[in-house]
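Every read-out reported here was derived from the displayed coordinates using simple, explicitly stated rules and does not represent laboratory data. It should be emphasised that the depicted structure is a prediction, and the values quoted were computed from it without experimental measurement. All Cβ positions, glycine included, derive from the backbone under ideal geometry; neighbour counts span all protein chains shown.
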Amino acid sequence: MSFGKMTKVEENLQRAMALKKIVTRWQNLQNHCMWQMTLSERRNTYATLRLQNDVEQELALSNKQLLMVRQAALNQLFEKEHQQYQQELNQMGKAFYEERF
């Protein structure tokens, strides 16, 4: 073999090695990307579950608060009606019976 042919063979060998490195890097990047995708999918699932749990807790608390507000409004309405009936009875010279202790 001549010196020129040896250089060609070495160049081809170097190109082949460089291509092999590129392919290996690409495979490693692909594996890393796949790992990241599965990791993010798991994170998204857990985040969704946490968010759903938070929403359920907030809904339960808001229902309790709504119940308390409605009860307070109903108590105010009953108190207002009681006072109105008491005034009407006072105008007629009558009153509610209240037991004394």
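List of remarks:
- Spatially close Lys pairs in the chain, defined by Cα atoms under 27 Å apart and a spacing of eight or more places or different chains, total 6.
- According to the Kirkwood relation over distinct C-alpha pairs, the hydrodynamic radius of region 14-73 is 15.8 Å.
- Descending principal axes extents, the chain, alpha-carbon based, whole Å: 134, 24, 14
- Computed FRET value (nearest 0.05) for VAL23 with LEU49, which takes r as the C-beta separation and R₀ as 30 Å: 0.15
- Helix 3-91 and the long axis of the chain differ in direction by around 0°, with both axes built from C-alpha atoms.
- Considering only ALA16, LEU39, MET92, and ranking their Cα positions along the charge dipole of the chain that arises from unit charges at the beta-carbon of Lys, Arg, Asp and Glu, the one farthest toward the positive end is ALA16.
- Rounded to the nearest 20 debye, the dipole magnitude of the chain is 1280 debye, with +1 charges on Lys and Arg beta carbons, -1 on Asp and Glu beta carbons, and the Cα centre as origin.
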